[in-house]
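Novice: I have a structure here, written as structure tokens, and I will follow up with some questions on it.
The values are calculated or read from the model by the stated rules, or taken from the named source; none is laboratory data. As the structure is a computational prediction, the values presented were derived from the model and not from experiment. As a convention, Cβ positions derive from the backbone with ideal geometry for all residues, glycine included, and neighbour counts pool all protein chains shown. Each accessible area value is taken on the protein alone, full model and side chains, heavy atoms only, with ligands, DNA and RNA left out. Shrake-Rupley method; radii C 1.70, N 1.55, O 1.52, S 1.80 Å.
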Amino acid sequence: MMRFTGRAVYKGIVLGPVTVWEARDEQVRRRKITDPKAEIQAVEKAGIEAKEQLQRLYEKALKEVGESNAAIFEVHQMMLEDEDYLESIHSMIRTEMVNASFAVAVTGDNFAEMFAGMDDAYMQARAADIKDISDRLIRILEGEDEADHASEGPSIIVADDLSPSDTIQMDKEKILGFVTVHGSTNSHTAILARMMNIPALIGVPLDLDEIRTGMMAVVDGFEGSVTFDPDEELCAQAKERMKKEQEKRRLLEDMKGKESVTADGKRIHLYANIASVSDVGYALENDAEGIGLFRSEFLYIGRDALPTEEEQFQAYKQVAQMMAGKKVIIRTLDIGADKQADYLDLGKEENPALGYRAIRICLKQPEIFKTQLRALLRATMFGNISIMYPMITATEEVRQIFRIFDEVQKELKAKGIPYKTPEQGIMIETPAAVMISDELAELVDFFSIGTNDLTQYTLAVDRQNAKLDDFYDPHHRAILKMIQMTAENAHAHGKWVGICGELGADLALTEEFTRMGIDELSVAPSMVLKVRRAIIDTHRPTASCAQKQG
């Protein structure tokens with residue numbers, strides 16, 4: 001047996017055969033050429049074919065993993081047109097008289113190394129994209145076909161790393177789990193694993209030369225381990241645990257159609273968080289009562305210009321129609337910090353989490369904000385839409401939002417465009433908002449607590465910094481007191497309050513939240529039924545831990 005540990009990006013356990021996903025041979029032969037013009041034309045022709053391939057991948061991804069995850073293939077198409085990248089290839093062919101494949105390989109390595117060495121995490125991620133498009137061009141230039149894995153049976157995919165192109169070409173019905181040597185928790189592989197509810201490990205220190213396609217393995221996402229060539233005892237244990245996990249899933253299915261009500265009669269609205277139109281399917285499949293957070297910023301990411309009013313309207317309209325009258329809470333643009341859109345030219349900031357982001361961009365650039373508000377108001381005619389504003393720190397911000405909102409309403413009325421006046425709320429994700437939540441509650445219809453940022457700002461811990469994981473404590477009593485205070489101030493003014501951050505799916509706190517009087521929890525679609533079961537099993541004592549600690 002060979003056992004390795006890594007970082008789990010989705011918990012679960014699976015036993016099955018391995019498929020080693022081999023990257024193409026990176027060694028490209030250097031050849032002297034006599035006709036550089038012909039080689040440059042070959043690169044241009046390969047670029048056209050690569051774009052066609054990427055467009056097919058985009059369309060496939062759009063159906064399978066949603067618009068936000070498919071957008072990477074649009075980015076790759078744009079990168080194929082990058083003047084610096086192409087000129088470097090052409091220049092090398094002309095000056096060194098080398099074959100096109102070699103020029104692409106060297107240029108791809110140079111650009112990838114440049115991006116990887118940058119301080120900005122977003123730019124570092126572009127290194128893998130450059131490598132992906134360069135490999136695609138080389139395969140086309142060398143006349144190689146892309147790997148065909150369609151004939152393989154269900155298996156655990158083991159790889160050094162997986163590019164977006166790799167993962168989208170896989171037959172999703174045949175993936176039992178993922179194990180990669182590299183990768184990140186925000187990689188396409190990790191996102192896919194979470195959406196498919198399959199165990200996945202990253203950062204596993206494997207020597208891939210020792211792993212063979214066809215050998216058996218146990219991937220344990222609970223322990224963060226993978227064991228190759230497991231003995232009979234471990235196989236038996238894995239099968240028993242898989243059986244228990246299947247039974248848990250079957251029992252969770254029994255939660256569908258039931259109301260999310262505690263044993264003593266407290267009703268909790270249980271909604272789902274989504275990032276794209278296609279994610280609605282996961283929300284409905286898991287019996288979410290509504291959408292508690294539609295992250296509209298994913299309409300803005302992975303493109304080279306702002307989405308038009310019509311593009312946004314169609315997305316909001318489709319979600320509203322698919323939810324068929326169930327509540328859909330759409331958060332306005334929350335770009336900045338770890339979510340960047342290059343075309344907005346936000347500039348480099350020393351501390352972007354405390355910088356120019358979210359509602360601050362909307363208030364500083366009201367035309368961007370107005371475009372989104374027009375699209376949102378038009379979409380209200382097609383379902384039960386509410387609007388939520390992020391990163392609020394002052395009552396004057398809310399008043400300024402409402403002044404802009406009123407201007408947009410007048411514009412639509414003047415043009416005879418129908419709309420309904422939606423419920424409007426704010427996210428409570430800064431200590432400032434918590435401390436003045438009594439004043440804010442007078443202005444808005446509801447609160448939704450964003451526990452991720454609230455924890456970050458309260459504890460002064462960068463949640464993107466892995467070195468600070470031990471200091472990032474969402475159960476800190478200061479956080480629980482803030483949630484309690486927010487709920488009390490909302491209720492004192494007759495407003496409802498929910499939680500849409502990661503803490504909403506923390507089953508260890510479900511009972512605590514019901515004691516606090518939280519009215520709504522919005523969680524990842526895969527967590528809806530688990531949280532419902534926790535709510536139904538809850539008995540609420542008279543005082544919460546946060547109250548006792550106070």
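Novice: If a residue must be open to solvent by 40 Å² or more (accessible area, probe 1.4 Å) and either more than 29 Å from the chain's Cα centre (by Cα) or β-branched (Val, Ile, Thr) (or both), how many such residues does the stretch 18-37 contain?
Specialist: 10
Novice: Just one of (1) more than 16 Å from residue 41 (Cα to Cα); (2) at pLDDT 80 or above trips up residue 116, so point out which.
Specialist: (2)
Novice: Next question. Out of curiosity, is residue 252 open to solvent by 20 Å² or more (accessible area, probe 1.4 Å) and either assigned to a helix (DSSP H, G or I) or within 25 Å of residue 498 (Cα to Cα) (or both)?
Specialist: So residue 252 fails the test.
Novice: Quick check: anything in the stretch 131-140 part of a helix (DSSP H, G or I), more than 29 Å from residue 523 (Cβ to Cβ), at pLDDT 75 or above and hydroxyl-bearing (Ser, Thr, Tyr)?
Specialist: The answer is yes; a qualifying residue exists.
Novice: Within the stretch 164-172, can one find any residue that is at pLDDT 85 or above and within 28 Å of residue 526 (Cα to Cα)?
Specialist: no
Novice: For the stretch 277-285, state whether one or more residues are surrounded by 22 or more Cβ atoms within 10 Å (Cβ to Cβ) and of a type in the set (A, V, I, L, M, F, W, C).
Specialist: Yes, that holds for at least one residue.
Novice: Inside the stretch 215-249, can you point out the residues that are in a loop (DSSP other than H, G, I, E, B) and exposed (fewer than 12 other Cβ atoms within 10 Å of the Cβ)?
Specialist: Residue satisfying the conditions is 231 alone.
Novice: If I go through the stretch 477-497 residue by residue, how many of them are touching a Ser or Thr at 6+ places or on another chain (Cβ under 9 Å) and open to solvent by 70 Å² or more (accessible area, probe 1.4 Å)?
Specialist: Number satisfying all stated conditions: 1.
Novice: Something else about it: Please go through the stretch 265-288 and give me each residue that is in contact with a strand residue (DSSP E or B) (Cβ under 8 Å, 6 or more places away or on another chain) and outside any helix (DSSP H, G or I), ordered by number.
Specialist: Passing the criteria: 267, 268, 269, 270, 271, 272, 273, 274, 275, 286, 288.
Novice: Give the residues of the stretch 394-433 that are within 23 Å of residue 270 (Cα to Cα) and either in contact with a helix residue (DSSP H, G or I) (Cβ under 9 Å, 6 or more places away or on another chain) or assigned to a helix (DSSP H, G or I) (or both), sorted by residue number.
Specialist: Result: 422, 424, 426, 427, 428, 429.
Let's see how each residue does on (1) over 25 Å from residue 91 (Cα atoms); (2) at pLDDT 80 or above:
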position: 4; (1), (2): yes, yes
position: 21; (1), (2): yes, yes
position: 27; (1), (2): no, no
position: 32; (1), (2): no, yes
position: 50; (1), (2): no, yes
position: 60; (1), (2): yes, no
position: 71; (1), (2): yes, no
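Novice: Still on this structure, please answer the following. Residues in the stretch 286-296 that are buried (at least 21 other Cβ atoms within 10 Å of the Cβ), under 18 Å from residue 426 (Cβ atoms) and of a type outside the set (S, T, N, Q): how many?
Specialist: 4
Novice: Specify the residue that is modelled with the lowest pLDDT; the eligible residues are those in the stretch 73-113 that are outside any helix (DSSP H, G or I) and open to solvent by less than 30 Å² (accessible area, probe 1.4 Å).
Specialist: By that ranking, first place goes to 80.
Novice: Looking at the stretch 48-61, I want the residues that are among the aliphatic types (A, V, I, L, M) and have a partner that is open to solvent by 60 Å² or more (accessible area, probe 1.4 Å) with Cβ atoms under 7 Å, at least 6 apart or on another chain. Which pairs are those?
Specialist: none
Novice: Are any residues in the stretch 262-279 modelled with pLDDT of 85 or more and under 27 Å from residue 331 (Cβ atoms), and if so, which ones?
Specialist: Hits for the stretch 262-279 are 266, 267, 268, 269, 270, 271, 272, 273, 274.
Novice: Exactly one condition in (1) of a type in the set (S, T, N, Q); (2) exposed (fewer than 14 other Cβ atoms within 10 Å of the Cβ); (3) under 22 Å from residue 501 (Cα atoms) is false for residue 430; which is it?
Specialist: Against the list (1) of a type in the set (S, T, N, Q); (2) exposed (fewer than 14 other Cβ atoms within 10 Å of the Cβ); (3) under 22 Å from residue 501 (Cα atoms), residue 430 comes up short only on (2).
Novice: The conditions are (1) at pLDDT 90 or above; (2) within 29 Å of residue 73 (Cβ to Cβ); (3) not hydrophobic (A, V, I, L, M, F, W, C), and residue 307 fails exactly one of them. Which is it?
Specialist: (1)
Novice: Given the residues 446, 471, 513, 405, which is the only one that is of a type in the set (Phe, Trp, Tyr) and open to solvent by 10 Å² or more (accessible area, probe 1.4 Å)?
Specialist: Just one listed residue meets the conditions, 471.
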